[in-house]
Amino acid sequence: MKENIGIAIHGGAGTILKAEMTEEKEALYKKGLEDALNCGYKILENGGSATDAVEKTVIVLEDNPLFNAGKGSVFNHKGNHEMDASIMDGSNLNAGAICCVDQFKNPIHLARLVMEKSEHVILTGDGAMQFGELMNCKKEKENYFFDEFRHQQWLEIKDTDRFQLDHSSKNNPKKFGTVGAVALDSKGSLAAATSTGGMTNKKFGRIGDSSIIGAGNYANNKTCAVSCTGSGEFFIRGVVAYDLSCLMEMSKMTIEDAAHQVIHTRLQEIGGDGGLIAIDNKGNITMPFNTEGMYRAAKSKTSLNIVEIY
């Protein structure tokens with residue numbers, strides 16, 4: 001048994017202004033992060049796998065309406081929900097992802113079923129829905145996903161060509177809504193999971209980085225596990241999650257240096273903003289972001305235990 005275990009989570013990055021956050025709401029966000037973090041860490045403490053830990057952690061975040069994933073997903077231009085998710089096992093590079101699904105309570109569980117019960121990596125739309133039904137994946141009625149705050153935000157822009165990167169106010173349009181988790185288990189295996197409801201008022205079946213392996217989600221036992229949040233188009237163009245792993249593997253950079261290079265230099269050079277969480281195969285954790293805030297938390301056996309927003 002290896003000594004190190006650790007987990008890091010995020011609930012989105014962006015222009016999270018302290019001036020617009022009430023004490024009550026900040027406490028709710030922090031409790032939501034703590035509940036998810038403790039769920040995953042307990043699995044690791046009990047000898048569970050990193051894959052189990054990240055899936056169960058993301059499920060806790062998907063079930064919390066404060067975060068733009070699962071129950072808290074934003075509305076697309078038709079007033080419906082389109083959810084994306086992915087999961088990756090660093091021990092064998094197996095991965096599963098789903099795009100543009102609705103009704104399923106926990107998209108991350110459906111992504112894991114794609115990884116373990118199909119021969120594919122990504123399923124999308126109707127096909128993903130059919131697969132989920134075949135797997136008896138739990139569904140919910142439309143009203144389960146209804147959130148008044150999200151709905152009002154959509155009503156403000158639904159007849160325009162605008163879209164918003166999550167449930168921020170009009171004067172705060174850049175709070176990117178994605179949730180994610182990365183973990184190292186006691187056997188030395190890494191895993192990463194990411195889930196999102198996408199953009200408010202999004203059109204044309206838009207897919208962001210959250211369900212794209214190597215862009216918004218990646219895990220490899222040789223290096224690290226990564227989950228991203230931010231302006232998805234730029235994370236896709238920069239292949240950000242794999243870029244971090246590649247810098248570690250090929251350039252022998254530390255996880256801290258590689259993550260800093262990716263978020264503060266390489267991503268910004270192409271105009272992207274956001275952040276990521278990452279853990280390496282020794283249990284080192286880094287959570288950089290180039291925005292005003294990122295909902296994030298981390299816990300490891302080496303006494304790291306933080307929950308932060310700004």
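The values are calculated or read from the model by the stated rules, or taken from the named source; none is laboratory data. Bear in mind the structure is a predicted one, so any value in this text is a computation, not a measurement. Backbone-built Cβ (ideal geometry, glycine too); neighbour counts: all protein chains shown.
Looking at E34, is it of a type in the set (D, E, K, R), within 21 Å of the chain's Cα centre (by Cα) and within 13 Å of L66 (Cα to Cα)? Outline the logic, then answer.
Working: of a type in the set (D, E, K, R): yes; within 21 Å of the chain's Cα centre (by Cα): yes; within 13 Å of L66 (Cα to Cα): no.
No.
One residue stands out in the stretch 191-211 among those that are farther than 17 Å from D273 by Cα, assigned to a loop (DSSP other than H, G, I, E, B) and out of contact with any Ser or Thr (no Cβ under 7 Å at 6 or more places or on another chain): the one that is modelled with the lowest pLDDT, namely N201.
Go through the residues of the stretch 75-92 one by one and say whether even a single one is in contact (Cβ under 8 Å) with a residue 12 or more places away in the chain, surrounded by fewer than 18 Cβ atoms within 10 Å (Cβ to Cβ) and under 18 Å from the mean Cα position of the chain (by Cα). No - not one qualifying residue is present in the stretch 75-92. Given the options I98, I122, name the one that is closer than 18 Å to A241 by Cβ, under 15 Å from the mean Cα position of the chain (by Cα) and aliphatic (A, V, I, L, M). Exactly one residue qualifies, and that residue is I98.
For beta carbons closer than 7 Å, sequence separation of 6+ or different chains, a first residue in the stretch 258-283 that is loosely packed, with under 15 Cβ neighbours inside 10 Å and a second that is assigned to a helix (DSSP H, G or I), the qualifying pairs are I270/F234; I270/R237; G271/F234.
Total residues in the stretch 84-124 satisfying the condition of being over 22 Å from A183 (Cα atoms), in contact with a strand residue (DSSP E or B) (Cβ under 6 Å, 6 or more places away or on another chain) and of a type in the set (D, E): the figure is 0. Kindly establish whether A298 is among the small types (G, A, S), within 18 Å of the chain's Cα centre (by Cα), part of a helix (DSSP H, G or I) and at negative phi. Answer is no for this residue.
Yes or no, residue by residue, for (1) surrounded by fewer than 18 Cβ atoms within 10 Å (Cβ to Cβ); (2) at pLDDT below 95; (3) assigned to a helix (DSSP H, G or I):
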| residue | (1), (2), (3) |
| --- | --- |
| M1 | yes, yes, no |
| I7 | no, no, no |
| L44 | no, no, yes |
| K56 | no, no, yes |
| F67 | no, yes, no |
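Within the stretch 285-310, take every residue that is among the basic types (K, R) and at pLDDT 90 or above and give me the one that is nearest to I7 (Cα to Cα). Per the stated criteria, the residue is K299. In this structure, A27 does not satisfy being small (G, A, S), in contact with a helix residue (DSSP H, G or I) (Cβ under 7 Å, 6 or more places away or on another chain) and either in a helix (DSSP H, G or I) or under 21 Å from Y218 (Cβ atoms) (or both).
Each residue in the stretch 139-190 was checked for being at pLDDT 90 or above and either closer than 16 Å to G274 by Cβ or touching a Ser or Thr at 6+ places or on another chain (Cβ under 6 Å) (or both), and 7 of them qualify. Only a single criterion out of (1) touching a residue at least 40 places away in the same chain (Cβ under 8 Å); (2) surrounded by fewer than 24 Cβ atoms within 10 Å (Cβ to Cβ); (3) in contact with a Cys (Cβ under 9 Å, 6 or more places away or on another chain) is not satisfied by M248, namely (1).
Selection within the stretch 231-243: residues that are over 16 Å from the mean Cα position of the chain (by Cα) and assigned to a helix (DSSP H, G or I). The member of this set that is nearest to G283 (Cα to Cα) is D243. Out of everything in the stretch 9-22 that is outside any loop (DSSP other than H, G, I, E, B) and either acidic (D, E) or under 23 Å from the mean Cα position of the chain (by Cα) (or both), what residue ends up being surrounded by the fewest Cβ atoms within 10 Å (Cβ to Cβ)? In this case the residue turns out to be K18. When Y242, Y310, Y295 are checked against the criterion of being free of Cβ contacts under 8 Å to residues at least 40 places away in the same chain and of a type outside the set (A, V, I, L, M), Y242 stands alone in meeting it.
Looking only at the stretch 289-310, residues that are touching a Leu at 6+ places or on another chain (Cβ under 7 Å) and crowded, with 22+ Cβ neighbours inside 10 Å come to 4 in all. Quick check on my filter: what residues within the stretch 212-230 are surrounded by 24 or more Cβ atoms within 10 Å (Cβ to Cβ), part of a loop (DSSP other than H, G, I, E, B) and among the small types (G, A, S)? Across the stretch 212-230, the qualifying residues are A215, G216.
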